[in-house]
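The structure appears right after this line, and notes come after that.
Bear in mind that the values in this text are calculations on the coordinates, not laboratory data. Predicted model, so just to flag it, every value in this text is computed and none were measured. Methodologically, a virtual Cβ is constructed for each residue, glycine included, from the backbone with ideal geometry; neighbour enumeration extends over all protein chains shown.
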Amino acid sequence: MHVERNIILVDDDAVICNAITRFLETHGYLVRTYSSVKMLLEDIENLTGGVLLQEFQISGISGLELQMELKYRGITFPTIYITKHGDVKSSVIAMKAGAIDFLEKPLNNELLLKSIEEAFTQSDNSPKTVENTTRLDKRYASLTNREKEVIHHILSGMTNKEIAEHLGISRRTVEVHRHSIMKKMKAESLPDLVRKSDLCSRIESSYIPGSGAATPSISSITN
């Protein structure tokens, strides 16, 4: 089924919104902008589909809270988070929650377009899913035991420094293992590694600090 090339942009920075809108419109996308989550939710019934491109932290409300609220309402948009203040834990949590990508500002135009195209084409029911899982299982099997330890800590949201302290090895050694993991898993970035790991049946779900807490509903902000 053809999906309209609509972009739902949520960001309270007007300058960034205008710049992203102009750029995406020159590439054939239709962009609807919202400066707050409240504005988006008030207009949600008028949206027919598209990709949600959202600042991860906006007006004190996290992107994850919006994502949970939309799921509660039975609404699903492929989601790409953008942020000025990215960190490992936020990126991992976002990807584990189902985001397509987690991009840091200033945005790289090529990466933004690539992520948006992937968001439009990605489908949980894709016939490639089984094939991809099998291929990723083989890639994971090629990791050394130490690399498997490291990847599990990466997926739990640890930084290189934290992993080094936990395993009792140098930070440089962790960086070497991480580089090898990215190469063997053919991951282009941390979000890509998380996404590939989620499809890999051999990797058990890792605990993510803070992810066990219930996410409050934000329905009240529209009242």
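Could you calculate the FRET efficiency of L199 with R73 from 1/(1 + (r/R0)^6), where r is the beta carbon distance between them and R0 is 22 Å, rounded to 0.05?
Numbers: r = 27 Å, r/R0 = 1.22.
Using R0 = 22 Å, I get an efficiency of 0.25.
Using the count of nearby Cβ atoms within 10 Å as a rough guide to exposure, how do F102, F120 rank from fewest to most? Please report the intermediate quantities before stating the final value.
Details: F102 26, F120 20.
By the 10 Å Cβ count, ascending, the order reads F120, F102.
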*Express in nm, to one decimal, how much length is gained between A14 and S170 on full extension, taking 0.36 nm for each residue of separation and deducting their alpha carbon distance.*
51.8 nm
*Can you give the FRET efficiency for K138 and E162, using 1/(1 + (r/R0)^6), R0 = 25 Å, r = Cβ-Cβ distance, to the nearest 0.05?*
0.30
_Phi to ³J(HN,Hα) by Karplus 6.51 cos²θ - 1.76 cosθ + 1.60 over region 188-196, Hz, x for Gly, Pro_ = 8, 7, 4, x, 5, 5, 4, 4, 5
_Linear extension gain, V88 paired with S180, 0.36 nm per residue minus alpha-carbon span_ = 31.3 nm
_Below 27 Å, Cα to Cα, which lysines can K184 reach? Residues fewer than 8 away in the same chain don't count._
K89, K96, K114, K128, K138, K148, K161, K196
*What list of ³J(HN,Hα) couplings, whole Hz, do you get for region 164-178 from phi and the Karplus terms 6.51, -1.76, 1.60, once you set θ to phi - 60° and write x for glycine and proline?*
4, 5, 5, 8, x, 10, 6, 4, 4, 5, 4, 4, 5, 4, 5
*With the contact rule set at Cα under 8 Å and sequence spacing of 6 or more, what percent relative contact order holds for region 6-121?*
23 percent
*For region 8-51 and region 98-119, compute the distance between their C-alpha centroids and round to whole Å.*
15 Å
*asked:* Rounded to the nearest 5, what % of DSSP beta bridges with both residues in region 6-121 are antiparallel?
replied: 10 percent
